[in-house]
Structures are given as structure tokens and as C-alpha cells.
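Every read-out reported here was derived from the displayed coordinates using simple, explicitly stated rules and does not represent laboratory data. Please read these numbers as outputs of a predicted model, since none were measured by experiment. Cβ placement follows ideal geometry from the backbone for every residue including glycine, while neighbour counts extend to all protein chains displayed.
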Amino acid sequence: MARFRLDLAYEGTEFSGWARQPGRRTVQGELEAALGRVLRLDPPPTLTVAGRTDAGVHARGQVCHLDLDPEALRAVEGHRGSPTEPMGVAERLSALTRRLVGVLPPDIRVRAATEAPEGFDARFSALFRRYAYRVSEAPGGGDPLRRREVLWYPRPLDMDRMNAAAARLLGEHDFAAFCKRRDGATTIRELQRLEWERDEGGLLVATVVADAFCHSMVRALVGSLFAVGEGQRPVEWPGEVLVSAVRDPGVNVAPAHGLCLEEVRYPDPAHFTRRAELTRRVRTLGG
């Protein structure tokens, strides 16, 4: 068996998130089925993803891996008119990405398929994930051509106030107040960046970077900053909620469609194994 890395993008509107679910359309379900069809594998290969996105969330820089007998890649070669040298692994992977275009629905695209270096794990080897949340405050409503990726907010937002509040959330903390708990999962995370800027078109864009995120964390953080930005809450409030470590009913989770996973960053391949060991450790604050 060998490990292969897939870099992909998807428009999340019509998906019930990444993770495979019975009776629901998911990114994992569609991509695994497409791989099974192209590679003629039944059951299809199982994918391990860098970060499970929620229903309606988009991705431009998602990463996953699969373990596969390299011989299975022969299925992408097809019929040839004359004998030639067998394709190499890299050629077969390039052919795989082309074949997937014809099998996948148009809201998923595999941008690249490569052999993974030894020790690579899409989930546990990652240094950080970077998300962007995009907001329009245009008085007449948002751009209808971008309605599936940009949230229209009906009231003006004060970017300076939101950034002042965001600065109080940086660092390693227990983000239980901003997460939906899952049995056996820690809510301790290191928030490395949370900053609002205006892009060239006047949109408010939050860049959110952490070593990892728990369920609904990004959207809950963004929702708390909206309350500060429109003046409903003081600048100190999100930090106070964080310290409480209890889910606050005053924190409204921002809608999913404004959120996009932009990048997953990995260390030098020599550090993959060590990084995975650190990521798998049971986290404690200050530990």
C-alpha cells in the first residue's frame, strides 16, 4: 500500500458537510464514490481529511489522503492503440485528476493528486488551517453573483472594534464557549490569527488561522465579533465569554456560506512524523 495526497476545492452549498452520512450528500461520499468508479474499486477507498467542514462551508485549499495499492492506478490508463512504456506513478496520478473531472459533480474538483512523502497524514501532519469569512454591508444588498460565498450583513460593522475584540482571543485556550462539544474530543486550540481587513471590493474579510478547529468554532468566533462590530456588545465581551468556557447563548453562530477553507499548511516532510505525534497528544493548557 502507498499513500497519496489529494488537493481539492468544493462549493459547499449543496453538501451536508465533508463527512460521509447515510442518506445525505457529502463531499467525502461523492469523492469516494468517484474514486471507486474511476479506479474500479469496490468498496471504494476511504479518505482522511485535513479538516471536516460543516454543511454549507466551502473549501479552496482542502487536503485529504488515501492508502492504495499503486497497481490500482493502472485503471486510469485505458486502452492504447500501440504498445508503449507503462505509465509512471506521477503520470497515472495526473491521468486520475483528468478522469475525475468527468465523474465528479461540478461543485467538487481535485486540483492535484501526488504521492505523499513518508510519514504524511493529511489530518495530523498539518501545522495550521486558514479560513476566510467574507461579509458585505452594501446598503442595497450583496452582489447576487457572489451570494453563495459572501454573507450580506444588514447593519454597518466597525472593523476596528472587531479587531480589538479579536486580539483578546489569540493564543492557546479552551474554546469550549465557541464550540459544539463532541464526546472524547478536546476543545483546547491555539488561535494564531484572527483579523479583519477590507479587500479591494470593499468586502470585510476575516482571516482565521489555528493549529486546528473544533466543531463550529470559526463561525461562533465570527458571530461574537459581529455583536461587537455593530455595537450590541462591548469589545471585552468575546474575551469574557472565552474565559467562562461555557457556551453562551448570546453567541450567534455566523451563517455557513460566508466561510471558506483557504489553506492547510504542512511542515517540511522530515518533520511529518514528529508533527503527527504532537498533534495526537492529549492537550492540556500549558502542557
- To the nearest 0.05, how large is the calculated FRET efficiency for D248 and A75 if R₀ is 51 Å and r is the Cβ-Cβ distance? 0.45
- Task: Sort the chain into rounded, prolate or oblate with this rule: let a ≥ b ≥ c be the square roots of the eigenvalues of the Cα gyration tensor; rounded if a/c is under 1.5, and if a/c is not under 1.5, prolate when a/b is larger than b/c, oblate otherwise.
- Result: prolate
- Using the Cα centre as the reference, give the magnitude of the dipole from point charges on the C-beta atoms of region 2-115 (Lys, Arg: +1; Asp, Glu: -1; all else neutral), rounded to the nearest 20 debye. 140 debye
- Message: With an 8 Å Cα cut-off and a minimum separation of 6 or more residues, compute the relative contact order for the chain in percent.
- Response: 23 percent
- Item | Dipole in debye (nearest 20) - region 128-265, about Cα centre, beta carbon charges: Lys, Arg +1; Asp, Glu -1 | 440 debye
- Checked region 90-132 with the C-alpha gyration tensor, a ≥ b ≥ c its square-rooted eigenvalues, rounded below a/c of 1.5, otherwise prolate if a/b is larger than b/c and oblate if not; verdict oblate
- Helix 27-39 versus the longest principal axis of the chain: what is the Cα-based angle in degrees, 0 to 90, to the nearest 10? 10 degrees
- Item | Degrees, to the nearest 10: 89-101 long Cα axis against longest axis of the chain | 60 degrees
- Relative contact order of region 101-167, pairs being alpha-carbon contacts under 8 Å that are 6 or more residues apart, as %: 21 percent
- Residue by residue through region 231-241, which ³J(HN,Hα) values in whole Hz follow from phi under the Karplus form 6.51 cos²θ - 1.76 cosθ + 1.60 (θ = phi - 60°), with glycine and proline marked x? x, 6, 10, x, 4, 6, 4, x, x, 5, 4
- Computed magnitude of the charge dipole of the chain (debye, nearest 20; Cβ of K, R +1, Cβ of D, E -1): 520 debye
- Task: Check the cysteines of the chain one by one and keep only those with no other cysteine Cβ under 4.7 Å from their own.
- Result: C64, C260
- Item | Calculated FRET efficiency for the pair R60/E197, C-beta based, R₀ 25 Å, to 0.05 | 0.90
- Message: Largest first, please: the extent of the C-alpha atoms of region 128-265 along each principal axis, to the nearest Å.
- Response: 44, 33, 22
- Message: Within 10 Å of each candidate Cβ there may be at most 14 other Cβ atoms; applying that plus a DSSP loop requirement, which trypsin sites (Lys or Arg not before Pro) in region 1-79 survive?
- Response: R24, R25, R40
- Tell me, what is the percent relative contact order of region 2-115, built from C-alpha pairs under 8 Å that lie six or more residues apart? 38 percent
- Note on the structure: Most packed first (mean Cβ within 10 Å per residue), the peptides 228-235, 62-69 order as 62-69, 228-235
- Query: Can you tell which of P105, A90, G51 lies farthest toward the positive end of the dipole of region 2-115, using +1 and -1 charges on the Cβ of basic and acidic side chains (Lys, Arg; Asp, Glu)?
  - Reply: P105
